[in-house]
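Just below is one structure, and these are the notes that go with it.
The values are calculated or read from the model by the stated rules, or taken from the named source; none is laboratory data. Note that the structure is a prediction, hence the values are computed from the model and not measured. Reconstructed Cβ throughout: ideal geometry from the backbone, glycine too, with neighbour counts over all protein chains shown.
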Amino acid sequence: MEYYIKQKIFSWNDRFTIKNNQGQDVYSVEGELFSWGKKLHVQDMSGNEVLYIEQRLWRFLPTYSLFIEDKEVAAVIKELTFLRPRYTIEGPSWNVEGSFWEHNYQIVEQGRVIADISKEWLSWGDAYALNISDETNVLAALGVIIVIDCVMASQRAAGSSGS
């Protein structure tokens, strides 16, 4: 299944939608502005929360937990690296490979592609195309992708504010 998220819309305190390949909204994502740590709520279009993302506090490296139906299904940890960003996924045995800065990467499990993320030009502007091949892992894969892009956006914002 393909999903799309409009470029430059990611923020921890904003609201944005995830669209399907027909351009219809399928999920809405909303961050909590005033909270300890960063928190995102993902809801289906009926308003049911289907995924909750929460930053783990008091960690040296950025770490986020993904919850589906109040059960932690994965954790995303940004590793300490100097040249290229790397992320560890705890829970499912997933690896993340590719170029995060160019928004061209994959989530892989034992050589099998779970999700393919790429930048695309659509009629409504630049967007990230999320091709998630395993329907049973759609929400967890979306959570990992959202966390990675939000962390990257935070780093870009921190880097530009210092110059």
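With respect to residue 67, is the statement that it is free of Cβ contacts under 8 Å to residues at least 40 places away in the same chain and on the phi < 0 side of the Ramachandran plot true? Spell out how you get there, then give the answer.
On the way: free of Cβ contacts under 8 Å to residues at least 40 places away in the same chain: yes; on the phi < 0 side of the Ramachandran plot: yes.
Yes, satisfied.
Return a yes/no flag: does segment 88-107 have any residue that is of a type in the set (Asp, Glu), at pLDDT 90 or above and within 14 Å of residue 147 (Cα to Cα).
Here is the first cut: in segment 88-107, the ones of a type in the set (Asp, Glu) are 90, 97, 102.
So of that shortlist, the ones also at pLDDT 90 or above come out as 90, 97.
From what's left, within 14 Å of residue 147 (Cα to Cα): 90.
Yes.
Which numbered condition trips up residue 110, out of (1) surrounded by 15 or more Cβ atoms within 10 Å (Cβ to Cβ); (2) out of contact with any strand residue (DSSP E or B) (no Cβ under 7 Å at 6 or more places or on another chain); (3) at pLDDT 85 or above?
Residue 110 satisfies every listed condition except (1).
Run down 82, 10 and say which single residue is modelled with pLDDT under 95, touching a Cys at 6+ places or on another chain (Cβ under 6 Å) and not β-branched (Val, Ile, Thr).
On the way: 82 fails: touching a Cys at 6+ places or on another chain (Cβ under 6 Å).
Result of the check over 82, 10: 10.
Mind listing whichever residues of segment 62-96 are exposed (fewer than 12 other Cβ atoms within 10 Å of the Cβ), within 17 Å of residue 152 (Cα to Cα) and not basic (Lys, Arg)?
79, 80, 81, 82, 83
Does residue 138 qualify as being modelled with pLDDT of 90 or more and either under 19 Å from residue 67 (Cβ atoms) or in contact with a helix residue (DSSP H, G or I) (Cβ under 6 Å, 6 or more places away or on another chain) (or both)? Quick ask: steps written out before the conclusion?
Working: modelled with pLDDT of 90 or more: yes; either under 19 Å from residue 67 (Cβ atoms) or in contact with a helix residue (DSSP H, G or I) (Cβ under 6 Å, 6 or more places away or on another chain) (or both): yes.
Yes, satisfied.
Would you mind listing the strands (runs of 3 or more DSSP E) fully within segment 34-135 where at least 1 residues are closer than 21 Å to residue 4 by Cα and among the aromatic types (Phe, Trp, Tyr)?
Details: elements: 39-44, 49-55, 63-68, 71-78, 87-90, 95-99, 104-109, 112-122, 125-132.
The qualifying strands (runs of 3 or more DSSP E) are 49-55, 104-109, 112-122, 125-132.
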